[in-house]
Every structure is written in structure tokens, then in C-alpha cells.
Amino acid sequence: MKKIIVFTLLVMVFLVGCASGEETAVSPETPLLTVGDGQTQNTYTAADLESLAEVEASFNGVAYLGVPLTALLEDAGFAVGNLQAVKAVAADGYSVNYDLAQIQKDDVIVAYAQADGPLTEDDGTFRMVLPDEEGRANVRMLVEIQAVP
């Protein structure tokens with residue numbers, strides 16, 4: 001008897017959910033926000049990054065596709081040579097500060113995909129890839145890049 005009641009309740013919950021007519025909203029792609037001195041802001045989607053120079057870089061045996069960080073900063077209107085540092089910020093608030101020597105390498109990229117498909121859920125929409133740096137410098141779930149003049 002208990003099984004029939006539980007089954008009936010589950011069916012009713014399912015039917016009520018189906019009858020609501022509401023579709024599950026698909027969350028929009030998380031934009032990448034590039035920030036300068038607090039006055040200049042540029043927002044990029046993965047499609048925007050794909051339209052910029054695409055390069056491949058590897059970290060921990062995974063090949064990533066993305067745009068060189070220096071090219072992204074220049075596209076956003078920042079002269080890389082005039083910067084003192086760059087800060088990458090993750091969705092959870094984790095951040096890493098980079099000095100110019102770290103970011104001016106051609107294989108330092110803001111990745112939007114793996115070479116063989118999309119980024120993993122753990123990576124988020126964007127991630128920093130610095131092949132010659134420790135794992136903690138390769139920020140996942142990247143949501144903001146701050147240019148520090």
C-alpha cells in the first residue's frame with residue numbers, strides 16, 4: 001500500500017511539473033569582462049574570441065584553443081607595454097596577478113575550447129592557459145581580466 005501511495009505522489013509531482021508549461025531556461029554564455037582602470041570595460045563572448053587570432057597551447061597534456069592574452073588586451077584598447085600587471089579573476093573570486101614577463105609569451109592564451117572539443121564544465125566558458133606556469137596560474141572559470149596600468 002505504501003508503495004502505491006509513493007508511486008502516485010511521484011507521478012503527480014511529475015505531471016504537475018510537465019503541466020506548468022514552463023521551459024527550463026538555458027543560462028546565457030558567461031561573458032569575459034576585460035577591465036582597465038575602472039573606466040574602460042570591454043565584454044567578450046567565446047564567439048568574439050574566436051574571431052580574434054586563434055592559437056593552440058598545451059597545459060598538463062591538454063591542448064587548448066584560444067586567443068593570445070596580449071592580442072585580447074590590445075583588442076580591448078590596452079597597450080601591453082604600458083601595463084604594470086594583469087589580474088585574472090575566476091567566477092568564485094579566485095584571482096592571480098601576472099607580471100608582464102609571464103603574459104607576453106605567444107603561448108599564453110585565454111582559452112575558449114579544447115583542441116578536440118569544448119572546455120570541460122570545470123573549466124567554465126574561459127580559462128587562462130600558461131603552459132610554463134604552475135597549475136594555480138592557469139585560472140579556470142575565468143570571468144574577468146583586469147589590466148593594471
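The values are calculated or read from the model by the stated rules, or taken from the named source; none is laboratory data. Quick caveat, the model's predicted, so the values are computed rather than measured. Using ideal geometry, Cβ is built from the backbone for each residue, glycine included, and neighbour counts are taken over all protein chains shown.
Only one residue in D99, D92 is within 13 Å of E144 (Cβ to Cβ) and not aromatic (F, W, Y), so which one is that? Selected residue: D92, the only one of D99, D92 that is within 13 Å of E144 (Cβ to Cβ) and not aromatic (F, W, Y). The set of residues in the stretch 112-141 being at pLDDT 95 or above, outside any loop (DSSP other than H, G, I, E, B) and not aromatic (F, W, Y) consists of A113, Q114, G117, P118, R127, M128, V129, R136, A137.
Can you say whether D106 is over 17 Å from the mean Cα position of the chain (by Cα) and not hydrophobic (A, V, I, L, M, F, W, C), as far as the supplied structure shows? In short, yes. Contact map, the stretch 30-57: first residue more than 22 Å from N97 (Cα to Cα) and among the acidic types (D, E), second residue part of a loop (DSSP other than H, G, I, E, B) and modelled with pLDDT of 90 or more, Cβ cut-off under 9 Å, separation 6 or more or different chains; pairs are E56/D107; E56/A115. The residue of the stretch 59-83 that is nearest to A147 (Cα to Cα), among those that are among the β-branched types (V, I, T) and touching a residue at least 40 places away in the same chain (Cβ under 8 Å), is V67. Taking the conditions exactly as written (exposed (fewer than 10 other Cβ atoms within 10 Å of the Cβ) and either modelled with pLDDT of 95 or more or within 21 Å of the chain's Cα centre (by Cα) (or both)), does V26 satisfy them or not? Yes; evaluated as a whole, the condition is true for this residue.
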